[in-house]
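Right, one structure below, let's go through it.
Any read-out appearing in this document is the output of simple, stated calculations on the displayed coordinates, not a laboratory observation. Because the structure is a prediction, the values reported are computed rather than measured. Backbone-built Cβ (ideal geometry, glycine too); neighbour counts: all protein chains shown.
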Amino acid sequence: MQTLANRIVLITGASSGIGAATARTLAGRGATVVLGARRVERLEALVAEITAAGGRAEAHALDVVSRDAMQAFVNDAAARHGRIDAIVNNAGVMPLSPLRARQFDEWDRMIDVNIRGVLHGIGAVLPVMERQGSGHVINVASIGAHQVYPNAAVYCATKYAVWALSEGLRQETDTLRVTVVSPGTTASELADTITHAGAAEDMRNFRRVTIAPEAIANAIAYALEQPADVDVSELIVRPVASAA
């Protein structure tokens, strides 16, 4: 098993939920976590918490929809630390609705954040990692990458895309490790973005059983800590009591 001590790990969507839990978990195991999100005040509070506990963390304003912002995020980390050992492409949104509601703006937002955001992260780190001859790309998908649910067609489509991008990258490289993590129902703020009343009610019922975001963080740490020649390609992590 590899140690995470002194490894440089970038995390997007790090201001809450799985991203914040992953930051705490990896920093607690010795990694330097470089955190990106739009809610900078939350990031700064998280960095202060990690630092007070003896860890190393940095906060950066980041909107993953902007390719330039993502490239600047990666470039700054590479310049400051001399390398990037891993990126966790975690940023995502989930404003669910039935297709007949025709919520085009919300569809566009999911496509932009959930697909383009991941592509921007991959595209930004690849040159750095290829120069190094090593690196680990971890993409957070969803159980929705494996099964489609009512009101979630667009969301699931974006997560299917994350799975496909991850598998494509894995096949195209023999030096980098690639992991896609698919959480089941996990306690987070994702459902707070649902504006459609019926979809929101269905999601409240769907999320009656959840696991803590630390469970996903531990799965990410597990993938990172494997020997350098071992690629944990996919992890599905969900509540024992969940049928989905």
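Here are a few things to note about the model shown:
- Projecting the alpha carbon convex hull of region 8-235 along each direction and taking the average yields 11.6 nm².
- Ranked Thr185, Thr158, Thr175, Thr193, criterion: other C-beta atoms within 10 Å, fewest first: Thr175, Thr193, Thr185, Thr158
- Sparsely packed loop sites in region 57-110 (the trypsin sites (Lys or Arg not before Pro) outside DSSP H, G, I, E and B with at most 16 other Cβ atoms within 10 Å) comprise Arg83, Arg102.
- Rounded to the nearest whole Hz, the Karplus-based 3J(HN,Hα) values (6.51 cos²θ - 1.76 cosθ + 1.60, θ = phi - 60°) of region 121-132 follow the sequence x, 4, x, 6, 8, 4, x, 5, 5, 5, 5, 5, with x at glycine and proline.
- Listed residues Val140, Val33, Val148, most fluctuating in the chain (Gaussian network, C-alpha, under 10 Å): Val148
- Ranked list, fewest to most other Cβ atoms within 10 Å of each Cβ, for Val178, Val209, Val118, Val154: Val209, Val154, Val178, Val118
- Region 69-134: C-alpha pair distances exceeding 19 Å, %: 43
- Pairwise centroid distance, computed over Cα atoms, of region 81-153 with region 182-215, Å: 18
- Each Lys and Arg contributes +1 and each Asp and Glu -1, all at the Cβ; summed about the Cα centre of the chain, the dipole is approximately 240 debye.
- Low-density loop positions, GluC sites (Glu not before Pro), region 187-244 - DSSP coil, at most 16 other Cβ in 10 Å: Glu189, Glu225
- Computed over the chain, the per-residue total of -39500 (n - 2.57) for DSSP H runs of n ≥ 4 gives a 222 nm mean residue ellipticity of -13500 deg cm²/dmol, rounded to 500.
- Loop-resident sites, region 173-235, for trypsin sites (Lys or Arg not before Pro), counting at most 12 other Cβ within 10 Å (DSSP): Arg208
- GNM remark for the chain: springs join alpha carbons under 10 Å apart, and the peak mean-square fluctuation among Ala57, Ala217, Ala48 falls on Ala48.
- By the count of neighbouring beta-carbon atoms within 10 Å, fewest first, Asp108, Asp76 end up ordered Asp108, Asp76.
- Backbone amide hydrogens, once placed in the peptide plane, bring Arg38 within less than 5 Å of Leu62, excluding anything fewer than 5 places away on its chain.
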